[in-house]
Amino acid sequence: ARHLDPQHRLLLEVAWEAMEDAGLPADRIAGTSGGVYLGIMWQDFRDWLEREPDVYATTGNGHNFAAGRIAYAL
C-alpha cells in the first residue's frame, strides 16, 4: 500500500462510492459481467518512486492496472 499511486487509491474509493450511490451492494454485483472504463493522465507518483525502486511499484502504479484493480475489488 505504501507504493500504491494515490490516483489508484482515489479511484477505488470513488468506484465504491458510486456503487453505493447507485444502490448496488458489492455482493449483488459479484460474479456478474461488467466493464470498468477510466482514464489517467499523469504519473508523477511513479516518477517519484523511481528514486526508490520496489518490486511492487509496477503493479501499484501502472495506468494499465487501474481498471483491473477496480474490477477485481468490486
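Bear in mind these aren't lab numbers, they're just calculated from the coordinates by the rules spelled out. Remember, it's a predicted structure, so these values are computed and weren't measured experimentally. Cβ coordinates were reconstructed from backbone atoms using ideal geometry, including for glycine residues, and neighbour counts include every protein chain displayed.
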- Item | Of all residues in region 26-35 being surrounded by 10 or more Cβ atoms within 10 Å (Cβ to Cβ) and not charged (D, E, K, R), the one that is nearest to the chain's Cα centre (by Cα) | 26
- With (1) surrounded by fewer than 12 Cβ atoms within 10 Å (Cβ to Cβ); (2) within 30 Å of residue 55 (Cα to Cα) as the list, and residue 38 as the residue in question, which single condition is left unmet? (1)
